[in-house]
Amino acid sequence: VDRGRRGSLLSAEATRLGLQYRPYASLSARLRDAHFMLLDVGQFRHFRHLLEGNDAQGRHLNIFDYSLITANGVSTQTLLLLTCDLPDMQRFCISRKRWLDYDSFSESLQHPLQPLRKDQRPPRLHQWLLLSEQPPQLWSLLQPEVCDWFLAHPHLHIEWSDGILLLCRPEHELAADQIEAALEHAGSLIRLLQQHSSIPSGLTTH
């Protein structure tokens, strides 16, 4: 009954936001090929409650509930994926703490990311999980304004790959009336990342 009610609420919210709703869907080839760490460690290729379309700025987005099997059981969280063009940027992952069961699933991670060294970490994020295919490149992106955004949203897991930004709150499903605000927060991060992605690494001001 709860699942049916969630579908109805999400469908209504999708209509209000000008999005399409589907109760069931599968991961697209582009999402699989992007090798998001969260999706690579997941066992499922299908998910529930897809909202799809463009936001007010014309960015294509996907929102859906995605489940993982973890050491503590099944974890379901709502994923937001939005187009986010960061020229020449390589994959990265940012989270305040490790929550994916990396050790148990490490054999399935065919495209691992490297942790930033201590000297590559902004002081305010020195205890965070910061991973990238090119650590110096991520270091140059973590300007003070970007760090401020992460510190104001410490509960989020964030990844970027192949022109797509992924955000979620681990073990949390967004209510229908939270989606619009979540998209606004994601949009503010995209603007900051795009603003600072072109800053040469020699001009960092951490």
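The values are calculated or read from the model by the stated rules, or taken from the named source; none is laboratory data. These numbers come from a predicted model, not from an experiment. Virtual Cβ from ideal backbone geometry, glycine too; neighbours counted across all protein chains shown. For the accessible areas, the whole protein counts, side chains as well, though only heavy atoms, and no ligand, DNA or RNA atoms are used. Shrake-Rupley method; radii C 1.70, N 1.55, O 1.52, S 1.80 Å.
Points worth noting:
- The phi torsions of region 114-122, fed into the Karplus equation with coefficients 6.51, -1.76 and 1.60 and a -60° offset, translate into couplings of 9, x, 6, 5, 4, 6, 9, 9, x Hz, rounded to whole numbers, with Gly and Pro shown as x.
- Applying a length cut-off of 24 Å (Cα extent along the axis) and a mean Kyte-Doolittle floor of -0.5 to the DSSP H helices of the chain leaves 179-196.
- Zero-based 5 Å bins, Cα pair distances in region 6-72, whole percents: 4, 16, 24, 22, 17, 12, 4, 1
- Candidates Gly42, Gly53, Gly73, ranked by Gaussian network fluctuation over the chain, Cα under 10 Å, top entry: Gly73
- Cut-off of 10 Å, at most 14 other beta carbons, DSSP loop: longest stretch of the chain lacking such trypsin sites (Lys or Arg not before Pro): 118-206
- At a probe radius of 1.4 angstrom, the accessible area of the chain per residue rounds to 51 square angstrom.
- C-alpha center-to-center spacing [region 138-178, region 48-95] in angstrom: 10 Å
- Here the Karplus curve 6.51 cos²θ - 1.76 cosθ + 1.60, taken at θ = phi - 60°, turns the phi angles of region 24-37 into couplings of 9, 7, 10, 5, 6, 4, 5, 5, 5, 6, 6, 6, 4, 4 Hz, with x standing for Gly and Pro.
- Förster-model FRET efficiency, 25 Å R0, Arg98 and Leu9, C-beta, rounded to 0.05: 0.20
- The chain - percent of accessible surface contributed by carbon and sulfur, probe 1.4 Å: 49 percent
- Gained length - Ala181 relative to Lys118, 0.36 nm times residue gap less alpha-carbon distance: 19.3 nm
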